[in-house]
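K.L.:
Below is one structure. I have some questions about it.
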Amino acid sequence: MFTCLHTHMSLYSALAARFTDASEIKDVARYGCSGGVSGFIYSTELAVFFDEHEDEIEDVMDDYGITYQELVPDAQTMQQYKEAAVWFIVESYCQSLEMDELIAV
């Protein structure tokens, strides 16, 4: 579950503001970001999001015990790590929302 994200309000607020469509949340939760998620597609937008929330992203990764090397074992650039970290955060956030909805039903 992704409850630790709630302690990172800037990151949480950014994701909550972005993800308001239940069907999109469900798609991201089930299929991930690789199919294309508006605002999280291009390297530049991923880098900007990471740079704005780097400390909180790294705190959440620490909470989950996830390292950059585990996200992208064969990464060659810091940009690859940034992109994978943002996708991990987005996917985990959407999975958490979907789980919360399933539990509420």
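K.L.:
Select from the stretch 6-33 the residues that are in a loop (DSSP other than H, G, I, E, B) and under 12 Å from the mean Cα position of the chain (by Cα) and write down the one among them that is surrounded by the fewest Cβ atoms within 10 Å (Cβ to Cβ).
P.N.:
So the residue we want is Gly32.
K.L.:
Something else now. Anything in the stretch 60-98 that is touching a His at 6+ places or on another chain (Cβ under 8 Å) and open to solvent by 50 Å² or more (accessible area, probe 1.4 Å)? List them, or say none.
P.N.:
none
K.L.:
Find all pairs meeting these conditions: Cβ atoms under 8 angstrom apart; at least six residues apart or on different chains; first residue within the stretch 47-63 and on the phi > 0 side of the Ramachandran plot and free of Cβ contacts under 8 Å to residues at least 40 places away in the same chain; second residue open to solvent by 80 Å² or more (accessible area, probe 1.4 Å) and among the hydroxyl-bearing types (Ser, Thr, Tyr).
P.N.:
Between residues of the stretch 47-63 that are on the phi > 0 side of the Ramachandran plot and free of Cβ contacts under 8 Å to residues at least 40 places away in the same chain and residues that are open to solvent by 80 Å² or more (accessible area, probe 1.4 Å) and among the hydroxyl-bearing types (Ser, Thr, Tyr), there is no close pair.
K.L.:
Considering Glu54, Glu101, which residue is modelled with pLDDT of 95 or more, among the charged types (D, E, K, R) and open to solvent by 40 Å² or more (accessible area, probe 1.4 Å)?
P.N.:
Testing whether each residue is modelled with pLDDT of 95 or more, among the charged types (D, E, K, R) and open to solvent by 40 Å² or more (accessible area, probe 1.4 Å) leaves just Glu54.
K.L.:
What is the number of the single condition among (1) part of a helix (DSSP H, G or I); (2) aliphatic (A, V, I, L, M); (3) over 13 Å from Phe40 (Cβ atoms) that Ile66 does not meet?
P.N.:
Looking at each condition in turn, Ile66 falls short on (1).
The values are calculated or read from the model by the stated rules, or taken from the named source; none is laboratory data. The shown structure was predicted, so the numbers you read here are calculated from the model rather than taken from an experiment. Heads up, the Cβs are rebuilt from the backbone with ideal geometry, glycines too, and the neighbour counts pull from every protein chain shown. The area values use the complete protein model at the heavy-atom level, side chains included, leaving out ligands, DNA and RNA. Shrake-Rupley method; radii C 1.70, N 1.55, O 1.52, S 1.80 Å.
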